Amino acid sequence: MGDKAQSHHPGAAGRALAADRPASVRNVVLVGHSGSGKTTLVEALALTAGAVNRAGRVEDGGTVSDYDDIEHRQQRSVQLSLVPVAWDGIKVNLLDTPGYADFVGELRAGLRAADAALFVVSAADGVDGSTRMVWEECAAVGMPRAIVITHLEAARSDFEEMTRTCAEAFGGDDPDAVLPLYLPLRGPEGPDGHAPVTGLVGLLSQKLFDYSTGERKESEPGEDQLPDIEEARNRLIEGIIAESEDETLMDRYLGGEPVEVKTLIEDLERAVARGSFFPVLAAAPAAEGARQGLGTVELLELVTRGFPTPFEHPLPGVTAIGGEPRELKACDTDGPLVAEVVKTSSDPYVGRISLVRVFSGTLRPDQTVHVSGHGLADRGHEDHDVDEKIGALSMPFGKQQRPVTHAVAGDLVCVAKLSRAETGDTLSAKDDPLLMEPWQMPDPLLPLAIRAHSKADEDKLSQGLSRLVAEDPTMRLEQNQDTHQVVLWCLGEAHADVALERLRHRYGVQVDVVPHRVSLRETFATKAGGRGRHVKQSGGHGQYAICEIEVEPLPGGSGIEFVDKVVGGAVPRQFIPSVEKGVRAQAAKGVAAGYPLVDVRVTLLDGKAHSVDSSDAAFQTAGALALREAAADARIHLLEPVAEVTVLVGDEYVGAVMSDLSGRRGRLLGTEQVGTGRTLIRAEVPEFEIGRYTVDLRSLSHGTARFDRRYARHEPMPPQIAERIREQAGDDDG
């Protein structure tokens, strides 16, 4: 870091795939919108670290990511991937995250596993709203950050302008905390009038770094070039000094006293590590046949010298299984084992592979560990608290996994064949079971109703779905008892597409997507009476049962209430439960459109029986007939579920969101300001109207809003919509 000129031989740079001490590890997550160039940057860093050649062949112990086949088909990253590289004796775990909003669960897993973040910003596209939101999340927990500007080869790209944009977007009250360490050097203009970036000039060292040959070459700038960087250099120096722990440094600098570059670099490194200064760098992939991409050496120096070690990462809260808090020393290799599964994937050859971050202790192959889950049973995840034996430990090495002997606190490692552990679970010593507090995961709010395509698929569906949700805690599996549908709740359409592809290609399960049904109810809007007459004679014993009932509406949430007011034994005592059973069975089937009847009182008033032909079955049938007859003479309401919805949105989109909610038959309950520039909108909206709201809201707010929903109650549906539903039910019956 600090734009030093160093020589890095690939054979020396790429071998250390397992660390022996936490101080030699850096865990870095790459964040940015889809298309910003994160994956290309990871590959460029691996290439510079001596990891791969241009044909993609792994060399000298480096790695490239083992990308899912689905990513090739979808032409985008859909999962978190680990690419470890080595630089100056430091193992750098690069965590490449998807940039598309549907895969934010993978991003959050990367943030959990990392100690610092590289925000990748495209010079062609700028900073989007979702990237700003992630920056704010990182700021809230004090995570150190740096910014990398890519796509400088794009026409009309302007590094200086993009740096100002980043300062406005990320600097908050202190834009001077977001400043470039280097300025790009451009070569001669081409036929299209665009001058390509060929190198960098270091603002602190005032050295030139030429990448035009594919190898980084250092030189001294000409006298005519120094004035061009003077303003940017002075601003950078003042920004670094403002963050210095030496309070006398600014006075000395303003008094004209020279400050050594070495002192500035040390202060810069400390400010970056504690998350108070956010350097801006430029990077570009190497040209065909070249070994070093522009800015990759500078970026690796920043990561290894300026980003914090795992020692400086606060340990998430840890408790015993019973909930008693445990105080642990951060990143103690000899301390109690505490590790966490940050990602789960399936390999067709070796089975389940768990990517694990070790926070305390040392993880070794073949040891038995305790697996503690967080009980996400409401999402269809297994609730477990078991012991499991650790399989082989390995590091990704191209398309392969290379074995390692151990993983120390602070490091990341792949663990084979943990059959019960799921993403988010804690691994600890079997005789000292512990549990880490969970990281925040978004609720999946887009329903995908599915059914097995064939009988063969039906046999495999349950296991395939259970494996799917074990890998992805942002997915929820629901077996809806009201609609009898299997529903996968996803974060968006792309998330749903990936789920279907994984079911088909990874687990061999073909499913059909069917319309998602909302759980409707029926109720009586008015009091009504009904007579059930079931009288049949057909040789031997006949069937004889008559009952008269009265049905009246009850307040919401009352269910079905059955009252016996028969006098004089008109219905023998032993058959009164039979009438109730028949009434309740019919209520479960519905009386108008086939939805369960709720919130009524059914009173049995009278009836008739036969000494020989009356039976339990006959009175059950009579009770059902009486309820149907009462419904024919009453006004029946269809009840639809209503959700309480909260939307957190930027102030510029409040009007559009409120108007959209009103158009969905929503009732606005109020708004409140949240922080600066954000508003929380509360509304009640029928669930019929928000099946695809997660997709529509993303479009409406350009990806900057998020919402939550919870069931509030069932209430009567407007007559015209209810009539349409009844007609559809009639068509289905036909």
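Of everything in region 697-711 that's open to solvent by 40 Å² or more (accessible area, probe 1.4 Å), touching a strand residue (DSSP E or B) at 6+ places or on another chain (Cβ under 8 Å) and of a type outside the set (Asp, Glu), which residue is nearest to residue 125 (Cα to Cα)? Among residues in region 697-711 that are open to solvent by 40 Å² or more (accessible area, probe 1.4 Å), touching a strand residue (DSSP E or B) at 6+ places or on another chain (Cβ under 8 Å) and of a type outside the set (Asp, Glu), the one nearest to residue 125 (Cα to Cα) is 706. Only strands (runs of 3 or more DSSP E) whose full extent lies in region 397-456 are considered here, and the ones with at least 1 residues that are out of contact with any Ser or Thr (no Cβ under 7 Å at 6 or more places or on another chain) are 400-403, 412-416, 426-429, 446-452. Selection of first residues in region 668-690 that are within 18 Å of residue 716 (Cβ to Cβ) and of a type in the set (A, V, I, L, M, F, W, C) and of second residues that are open to solvent by less than 70 Å² (accessible area, probe 1.4 Å) and part of a strand (DSSP E or B), restricted to Cβ pairs under 6 Å at least 6 apart or on distinct chains, gives the following pairs, ordered by first then second residue: 685/643; 685/645; 688/640.
Looking for something over 28 Å from the mean Cα position of the chain (by Cα), within 27 Å of residue 552 (Cα to Cα) and not aromatic (Phe, Trp, Tyr) - is there at least one such residue anywhere in region 639-653? Checked region 639-653: at least one residue is over 28 Å from the mean Cα position of the chain (by Cα), within 27 Å of residue 552 (Cα to Cα) and not aromatic (Phe, Trp, Tyr).
Every condition in (1) touching a Gly at 6+ places or on another chain (Cβ under 8 Å); (2) at pLDDT below 90 holds for residue 97 except the one numbered (2). Within region 590-620, the residues that satisfy the criterion of being open to solvent by less than 50 Å² (accessible area, probe 1.4 Å), closer than 20 Å to residue 541 by Cβ and polar (S, T, N, Q) are 614, 615, 620. I'd like the full set of residues that are among the aliphatic types (A, V, I, L, M) and over 18 Å from residue 314 (Cα atoms), limited to region 127-154. Those that are among the aliphatic types (A, V, I, L, M) and over 18 Å from residue 314 (Cα atoms): 127, 133, 134, 146, 147, 148, 149, 152, 154. Among residues of region 676-691 being within 18 Å of residue 129 (Cβ to Cβ) and open to solvent by 40 Å² or more (accessible area, probe 1.4 Å), the one that is modelled with the lowest pLDDT is 676.
Residue pairs whose Cβ atoms lie under 9 Å apart, sitting 6 or more positions apart in sequence or on different chains, and linking a residue in region 285-298 that is open to solvent by 60 Å² or more (accessible area, probe 1.4 Å) to a partner that is in a helix (DSSP H, G or I) and aliphatic (A, V, I, L, M), are 285/41; 285/44; 285/47. Residues in region 503-562 that are among the small types (Gly, Ala, Ser), more than 30 Å from residue 600 (Cβ to Cβ) and open to solvent by 50 Å² or more (accessible area, probe 1.4 Å): 538, 539, 540.
The set of residues in region 39-69 being modelled with pLDDT of 55 or more, under 30 Å from residue 501 (Cα atoms) and out of contact with any strand residue (DSSP E or B) (no Cβ under 9 Å at 6 or more places or on another chain) consists of 44, 69.
Scanning region 701-720 for residues that are touching an Asp or Glu at 6+ places or on another chain (Cβ under 6 Å) and farther than 16 Å from residue 669 by Cβ yields a single hit, 717. Can you find a residue that is of a type outside the set (Asp, Glu) and touching a Pro at 6+ places or on another chain (Cβ under 7 Å) anywhere in region 238-256? There is no residue in region 238-256 that is of a type outside the set (Asp, Glu) and touching a Pro at 6+ places or on another chain (Cβ under 7 Å). Whenever a residue of region 302-313 is at positive phi and modelled with pLDDT of 95 or more, it has no partner that is part of a loop (DSSP other than H, G, I, E, B) and open to solvent by 10 Å² or more (accessible area, probe 1.4 Å) lying with C-beta atoms less than 9 angstrom away and at least six residues away or across chains.
Within region 645-664, the residues that satisfy the criterion of being closer than 24 Å to residue 717 by Cβ and either at pLDDT below 95 or touching a Phe, Trp or Tyr at 6+ places or on another chain (Cβ under 8 Å) (or both) are 645, 646, 647, 664. Scanning region 122-170 for residues that are over 19 Å from the mean Cα position of the chain (by Cα) and among the hydroxyl-bearing types (Ser, Thr, Tyr), which turns out modelled with the lowest pLDDT? Looking at the filtered set, the residue picked out is 157.
Please work out which residue is farthest from the chain's Cα centre (by Cα), limiting yourself to region 654-675 and to residues that are closer than 15 Å to residue 688 by Cβ and crowded, with 20+ Cβ neighbours inside 10 Å. Out of the qualifying residues, it is 666. Condition test on residue 694, is it of a type in the set (Ser, Thr, Tyr) and open to solvent by 50 Å² or more (accessible area, probe 1.4 Å)? Answer is no for this residue. Just one of the numbered conditions (1) modelled with pLDDT of 90 or more; (2) more than 31 Å from the chain's Cα centre (by Cα) is not true of residue 272: (2). When residues in region 635-674 are screened for being aromatic (Phe, Trp, Tyr) and at positive phi, 0 of them pass. Total residues in region 84-102 satisfying the condition of being open to solvent by 10 Å² or more (accessible area, probe 1.4 Å) and assigned to a helix (DSSP H, G or I): the figure is 1.
The values are calculated or read from the model by the stated rules, or taken from the named source; none is laboratory data. Nothing here was measured: the structure is a model prediction, and the numbers come from that model. All Cβ positions, even for glycine, are placed from backbone atoms using ideal geometry, and neighbour counts span all protein chains on display. For the accessible areas, the whole protein counts, side chains as well, though only heavy atoms, and no ligand, DNA or RNA atoms are used. Shrake-Rupley method; radii C 1.70, N 1.55, O 1.52, S 1.80 Å.
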